[in-house]
Amino acid sequence: MAEDLSFTGTGGRKKVRKVKRKRSRNSNTDPAKLLDEVIRAKKLADKSLSSLSVDQFSVPFIEFSVHQSNPFKHDNWNGLEISLSNTGTGEAKNVTISFDRFETKGQTIVDSLKSGDESKLNIEALISSRDKEITRMEVYYHSIEGDTFSAIRRDWFPNDYEGQAIFSKEIPPGEEANAEKYSRKEVFSGDLHIVCGNCGTRAPSNFRICGKCGSRLQKRVDRRSDWGSNLNETTAKKDDREVFIKKLRKLGELKDKGMLSEAEFQAAKESLLK
């Protein structure tokens, strides 16, 4: 190894003093073994993450029922009791209840409903029409993470129901043959988010580059498949949370449509949430 030279002034002459550089000791660590250990550690971490149960997801799920004590009269304020229950694993925010043909008086918004909490709302509803028509009810809420959920039920009003539950299904009584007419339309198409496989950051599904680590998330569609393709370079993977929430939403829709009995619905929901 080359040595450093130090010049020290001594009058008119320059004295050269040799300074020996300390040699670094050879490391006993084998780079190949160290790399193997890192790879093993990463595989173990990935395996641990993939084995996490869906209980790690904080997801609310609102179940509700509506009770009508007396026959519904037009041009009168009619009392309704709404029972809400959060049977999910996360807190529900801004639970909002709305009707498309009713005027309402009373509380129709609950700011927060934590997992396991219940709430009862007593409201009054007014409808002017004498003709019996289908009325739509919607319960709309959010998770703390920003996921959106809604449940839709329909029933006939004015009606002569007395002391019974109303708005029990998405398809109103007597309309089962026209079930297709009440099919719910998808508001969003495709996954809402994708996950960077390099750093784990969630990103909107239209992002091509991870904003945190710079890894490529999407293949460029403006390149020919036979050259310049970066398909193998992408790190995006399906967001497990999005998949889980879609399954939960679908389960709720099947119950609202009356395609699952209460027992079947509870069994399927418990299996999904565990």
*Scan region 245-274 and report the pairs whose first residue is in a helix (DSSP H, G or I) and whose second residue is crowded, with 17+ Cβ neighbours inside 10 Å and of a type in the set (D, E, K, R), with Cβ atoms within less than 7 Å and a gap of 6+ or a chain change.*
ILE245/ASP147; LEU251/LYS269; ASP256/ARG153; ASP256/LYS169; ASP256/GLU170; PHE265/LYS255
*State all residues of region 156-182 that are of a type in the set (S, T, N, Q) and without any contact (Cβ under 8 Å) to a residue 60 or more places away in the chain; if no residue qualifies, say none.*
ASN178
*Wholly within region 73-154, which strands (runs of 3 or more DSSP E) include no fewer than the required count, namely at least 2 residues that are in the same structural domain as ALA203 (by TED's automatic domain parsing) and crowded, with 16+ Cβ neighbours inside 10 Å?*
none
*From the list GLY252, GLY258, GLY214, GLY228, pick out the single residue that is farther than 24 Å from ALA179 by Cα and modelled with pLDDT of 75 or more.*
GLY214
*Name every residue in region 117-148 that is of a type in the set (Gly, Ala, Ser) and at pLDDT 95 or above, in order of residue number.*
SER119, ALA125
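The values are calculated or read from the model by the stated rules, or taken from the named source; none is laboratory data. Model, not experiment: these values are computed from the prediction. Using ideal geometry, Cβ is built from the backbone for each residue, glycine included, and neighbour counts are taken over all protein chains shown.
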